[in-house]
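Taking it in order: structure first as structure tokens, then the write-up.
FYI, it's all coordinate maths here, none of it is from the lab. Since the model is a prediction, treat every value here as computed from it, not as a measurement. Here the Cβ is made from the backbone with ideal geometry for all residues, glycine too, and neighbour counts use every protein chain on show.
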């Protein structure tokens, strides 16, 4: 291998690119704290929000102290993977951050939203819970781990995504962001959703996890699980996902590419038991993680955009 062989420099180039993405995200987070009064960081316990939390700790950590200048918010649907909730609580507690849990079940119990089927996805219901939590906390900015490569509606997002006084998103009303200049001016009642890792890909996220040696919930790695096949997806058997007529339970070796509501989040067959082997799988995948594993995005061509217009993240 000669000194001019480009593959010699590939690892260094990849590392450099990750640090560029990291610096961009840190800059965005600091801009928000400088411009807005009451930010909050959305945290689901999924890989993107785990990376987001680490970036926030880097942005505001001083002398090894990683106390954040804002709380962490999780909108809990009640249809979560137990491994993810365990990880959420432990990760936040170990870091000493303030955790706010906004419960969809409480929204149902109080009559704020109506649930027609307790075994159906609660993704639509969580929009009301999120908007209520933002209003209750008087939060004027919310950091999220959305990325443009995930889904076509998210590809339309600016880094600063403006929401009106009803929490709704209008893509034609978004502001230009030339030369990474962000205008955070809002009127009373409005707020901004902020996406510091908009320009990252799934591979970037996993490469950063490897670089930073970040811990993840165990469901991101291959494990045996009881599942059933429904609508072309492998759904985990649980209290809210039980076999219907003609369906059978199978025990398979799988992992999850994304985490969400148990009723609509599918697993993928996998033998990847560590970060390096997951990265190899991501490199060869031709389908985005949401496209392959989220049934709620398959209901229509504009499913995600419709939910975002109503106030979904």
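By the Cα gyration tensor, the range 215-297 has an equivalent ellipsoid whose semi-axes, rounded to whole angstrom, run 22, 14, 11 from largest to smallest. Here each label is just a point 7 Å from Cα along the line to Cβ, and for residue 117 and residue 213 those points are 4.7 nm apart.
Just checking the listed ones, 172, 90, 193: in the Gaussian network model of the chain with Cα springs under 10 Å, the one fluctuating most is 172.
Among 246, 78, 260, the largest mean-square fluctuation in a Gaussian network model of the chain (Cα springs under 10 Å) belongs to 246.
Between residue 165 and residue 13, full extension at 0.36 nm per residue minus the direct alpha carbon distance yields a gain of 50.4 nm. Sorted ascending by nearby beta carbons within 10 Å, beginning with the fewest, 160, 139, 43 become 139, 160, 43.
Each of 182, 245, 208 was scored by other Cβ atoms within 10 Å of its Cβ. Listed from fewest to most, they are 245, 182, 208. Residue order for 218, 107, fewest other beta carbons within 10 angstrom first, comes to 218, 107. Springs between Cα atoms under 10 Å define the GNM used for the chain, and in it the highest mean-square fluctuation of 178, 118, 69 occurs at 178.
Calculated mean residue ellipticity at 222 nm for the chain: -10500 deg cm²/dmol, from DSSP H runs with n ≥ 4 weighted as -39500 (n - 2.57), summed, divided by the residue count and rounded to 500. Among 268-277, 123-132, the peptide with the highest mean count of other Cβ atoms within 10 Å heads the list, and the full ranking is 123-132, 268-277. Extension gain, residue 23 to residue 203: 0.36 nm times the residue separation minus the Cα-Cα distance gives 63.1 nm. Applying 0.36 nm per residue to the separation of residue 94 and residue 174 and subtracting their alpha-carbon distance, the gain on full extension is 25.0 nm.
For a paramagnetic label modelled on residue 249 (point 7 Å from Cα along Cα→Cβ), amide N atoms under 13 Å away belong, within the range 206-234, to 225-229.
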